[in-house]
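First comes the structure, then the notes that go with it.
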Amino acid sequence: MACAPDRQDPHLDISDKTSKLYEIYAEFEAAASDFRQAAVCAPGCAFCCTEMGTVDITTLEGLLIRERLSKMNRPVTAKIAKRLKRDIRKKEKGEKNRCPFLQKNNRCLIYGVRPFSCRQLYSLKKCGKQGPTVHRQAVELARAAVARIQTVDDTG
């Protein structure tokens, strides 16, 4: 059930855009729930956060992450800043790197505001060299959600 892209008023304020973004997230979760029921992912599973490489985000998602970080204490944000710099250096060399927001216990520090590219990931089998195993229909639902997200953040 792919949804048509929304045509957004580019002058919506950030709270309206944020509400629309979370609505799209929720609609994707509902549409993909039947596919994800058999997922083997669980808290502490971090294959996608350590082995998948690049995470795409919109400007709006970046602003939400930035807002979350602004509410954290200075020692934590200093560590994250250091990890982000290391991540940039590694990516410039074409190397994979552990997500800068992944804690030592393999839990996401920004889970509540993680971008859609993280939210859409799951696997039906334990990940290994082949990476996650995902339903083709769920991938199509994700593509439709990304198109909708991009219309919400079309001025970003």
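The values are calculated or read from the model by the stated rules, or taken from the named source; none is laboratory data. What you see is a predicted model, and the numbers here were worked out from it, not measured in a lab. Cβ atoms come from the backbone with ideal geometry, glycine included; neighbour counts cover every protein chain shown. Surface accessibility is based on the protein's heavy atoms, side chains included, excluding ligands, DNA and RNA. Shrake-Rupley method; radii C 1.70, N 1.55, O 1.52, S 1.80 Å.
The set of residues in segment 34-67 being among the hydroxyl-bearing types (Ser, Thr, Tyr) and either touching a strand residue (DSSP E or B) at 6+ places or on another chain (Cβ under 8 Å) or surrounded by 14 or more Cβ atoms within 10 Å (Cβ to Cβ) (or both) consists of Thr50, Thr58.
Note on segment 107-124: residues that are open to solvent by 90 Å² or more (accessible area, probe 1.4 Å) and touching a residue at least 24 places away in the same chain (Cβ under 8 Å) total 1.
On inspection, Ala31 fails the criterion of being surrounded by 18 or more Cβ atoms within 10 Å (Cβ to Cβ), of a type outside the set (Asp, Glu), more than 15 Å from Phe116 (Cβ to Cβ) and modelled with pLDDT of 85 or more.
Residues that are charged (D, E, K, R) and farther than 12 Å from Thr54 by Cβ within segment 82-91 comprise Lys82, Arg83, Lys85, Arg86, Arg89, listed in sequence order. Restricting attention to segment 68-106, the residues that are open to solvent by 90 Å² or more (accessible area, probe 1.4 Å) and under 22 Å from Gln120 (Cα atoms) total 3.
Please specify each residue of segment 112-141 satisfying the condition of being touching a strand residue (DSSP E or B) at 6+ places or on another chain (Cβ under 8 Å) and assigned to a helix (DSSP H, G or I). Of everything in segment 112-141, just one residue is touching a strand residue (DSSP E or B) at 6+ places or on another chain (Cβ under 8 Å) and assigned to a helix (DSSP H, G or I), namely Cys118.
Identify the residue in segment 95-150 that is in contact with a Ser or Thr (Cβ under 9 Å, 6 or more places away or on another chain) and among the β-branched types (Val, Ile, Thr) and, among all such residues, is farthest from Gln37 (Cα to Cα). Out of the qualifying residues, it is Ile149.
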